[in-house]
1. Restricting the search to the range 25-44, which residues are of a type in the set (A, V, I, L, M, F, W, C) and surrounded by 13 or more Cβ atoms within 10 Å (Cβ to Cβ)?
2. Could you grab me the full set of residues in the range 162-214 that are in a strand (DSSP E or B) and among the charged types (D, E, K, R)?
3. Taking the condition assigned to a helix (DSSP H, G or I) and on the phi < 0 side of the Ramachandran plot, does Val72 pass?
4. Identify, please: which residue in the range 9-19 is surrounded by 13 or more Cβ atoms within 10 Å (Cβ to Cβ) and farther than 22 Å from Arg66 by Cβ and is, among those, modelled with the lowest pLDDT?
5. Name the pairs: first residue in the range 119-131 and in contact (Cβ under 8 Å) with a residue 24 or more places away in the chain and among the small types (Gly, Ala, Ser), second residue buried (at least 24 other Cβ atoms within 10 Å of the Cβ) and part of a loop (DSSP other than H, G, I, E, B), Cβ to Cβ under 6 Å, at least 6 apart or on different chains?
6. Output the residues belonging to the range 186-206 that are touching a helix residue (DSSP H, G or I) at 6+ places or on another chain (Cβ under 9 Å), surrounded by fewer than 24 Cβ atoms within 10 Å (Cβ to Cβ) and closer than 14 Å to His57 by Cα.
7. Restricted to the range 108-134, and to residues that are at pLDDT 80 or above, surrounded by fewer than 19 Cβ atoms within 10 Å (Cβ to Cβ) and not in a helix (DSSP H, G or I), which residue is nearest to the chain's Cα centre (by Cα)?
8. Considering only residues that are part of a loop (DSSP other than H, G, I, E, B) and within 16 Å of the chain's Cα centre (by Cα), look in the range 37-57 and name the one that is farthest from Ala188 (Cα to Cα).
Amino acid sequence: MRRFLFDFMAILRTCAYCGSFYSKETVCEFCWAELPWRNPNSEAVIIDASSVCLKVHSLLDWEPDRSPVCSVFILSLKGGLSKSSFDRLAAQFVKKGMLQNSDGRKLVIVPAPSRTQSFDHALALAESLAAVFAAKAVNCLKTTAIESQKTKGKGARSLLVMESCEKFSQFDGKVIFVDDVVTTGSTAKAAYIALGRPSNFEVWSIAYRHLAAD
């Protein structure tokens, strides 16, 4: 119901958080500025996901209890009327100076598999990133787990399994896995394994979600 409301507000060009009128994105300029942006010069977060160390670059530091505007923004992106928001988020990765030292190597951007039949927001982000970085978006992952991650505890999340119709174990470029939110890293770890454990693998997300114990 909330997602339907956000889509309806987007049609009216109304900010999903404060309700004010805006131009293109799902939130107004004021609320966009209030999002918990990470410092552009901050280092990547290293997550140890069950013996697999992952380098995670995120735009936002999301603490749900402390940033309601971020919580609403993340949920609003799951609708199908936010293309300009993904383009703007892709531009934020450019501002962070991503790929400055890539040496001109090939770049493949792989989105997290969609968990529903509705709008595929991870693919939308991957396509926006591919456009600004002159890369290729490859939608090749499928989740084979039956239960939704939302019903799993932190320990059970490590059981998530994926399969991929393409492998990048011998790929000499960089593979970037993208998702809207990274928490424990279990989704990214499953993607890394399914993609053939590529030697040059990074995770990019809109937000890094801090657990209550962080």
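1. The answer is Val27, Cys28, Phe30, Cys31, Trp32, Leu35, Trp37, Ala44.
2. Matches in the range 162-214: Glu163, Lys174, Asp179, Asp180, Glu202, Arg209.
3. Values: assigned to a helix (DSSP H, G or I): yes; on the phi < 0 side of the Ramachandran plot: yes.
Spelling it out, Val72 is indeed assigned to a helix (DSSP H, G or I) and on the phi < 0 side of the Ramachandran plot.
4. Met9
5. Note: pairs meeting the criteria are Ala122/Ala112.
6. Scanning the range 186-206 gives a single hit, Phe201.
7. Looking at residues that are at pLDDT 80 or above, surrounded by fewer than 19 Cβ atoms within 10 Å (Cβ to Cβ) and not in a helix (DSSP H, G or I), I get Ser114.
8. Arg38
The values are calculated or read from the model by the stated rules, or taken from the named source; none is laboratory data. Treat the numbers as computed from the prediction; the structure is a model and nothing was measured. Quick reminder, even Gly has a Cβ in these numbers, built from the backbone with ideal geometry, and neighbours come from all protein chains shown.
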